[in-house]
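Let me begin by presenting the structure, written as structure tokens, before commenting on it.
The values are calculated or read from the model by the stated rules, or taken from the named source; none is laboratory data. All values reported here derive from a predicted model rather than from experimental measurement. Methodologically, a virtual Cβ is constructed for each residue, glycine included, from the backbone with ideal geometry; neighbour enumeration extends over all protein chains shown. In case anyone asks, the SASA skips ligands and DNA or RNA and just uses the protein heavy atoms, side chains included. Shrake-Rupley method; radii C 1.70, N 1.55, O 1.52, S 1.80 Å.
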Amino acid sequence: MAELATIARPYADALFKAQGSDLNAAALWLDRLAAVAQNAQLLQFADSPKANVDQVFDVMAGVASNANDPLPEAARNFLRLVIENGRLSALPEIASQFRSLKNAAGGTTDAIVFSAFPMDEQALAEVAVALEQRFGRKLGIKVELDPSLIGGIRAVVGDEVLDTSVKARLEQMKMALIA
């Protein structure tokens, strides 16, 4: 994966510099493109010698766009550049590095909160405040469901993990009983 990160870095840097003050909008369309680019069938189609750049671009742009939210011109240009250079598989890594650059410029960090159950807005706001105090920085929180936690949450902020789930506590009790 180090090679993919090396390939993605100049694209993320260039996009970050080109977008200037419109970083949030760029992050949204870049995430959409990255999600589409993770599709194995699409990557197989893009790698096919029978598919040309225009065909791959039309498929990608069509899937990433919808009637209510078409891709902006900057997104279309960026997508065409990535496809022409044969770097479609690097799009998810480009999006990740772009998000890191955007967060560093805005003083925030991405956080993933794994929860056993869906969280309402009030509970999520309370968790966000507690996590921001715990980690000492502004967080952009994304929630993912993980029923295996049984209850509680597990928060991943960068390379730090805060696990207050029932599953983790049961594991701790198991280890204490075994020792």
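So the values come out like this:
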read-out: Test item: Cα-centred dipole of segment 1-106, Lys/Arg +1 and Asp/Glu -1 on Cβ, debye; value: 160
read-out: Mean separation of Cα contacts under 8 Å (6+ apart) over length of the chain, as relative contact order %; value: 21
read-out: Whole-number Å³ per residue for the convex hull built on Cα positions in segment 55-179; value: 179
read-out: Share of carbon and sulfur in the accessible heavy-atom surface of segment 1-85 [1.4 Å probe, %]; value: 53
read-out: Point-charge dipole on Cβ atoms (K/R +1, D/E -1) for the chain, about Cα centre, debye to 20; value: 260
read-out: All lysines inside 17 Å of LYS138 as judged from Cα atoms, apart from same-chain residues fewer than 8 positions distant; value: LYS102
read-out: Set of lysines with alpha-carbon distance to LYS167 below 21 Å, sequence-local pairs under 8 removed; value: LYS142
read-out: Selected from ILE150, ILE141, ILE83 as most flexible by GNM, with the chain as the system and alpha-carbon contacts under 10 Å; value: ILE150
read-out: Whole-number accessible area per residue in Å² for segment 114-179, which is evaluated in the context of all protein chains at 1.4 Å; value: 69
read-out: Two-decimal Rg/Rh across segment 1-54, once Rg and the Kirkwood Rh are taken from alpha-carbon atoms; value: 1.04
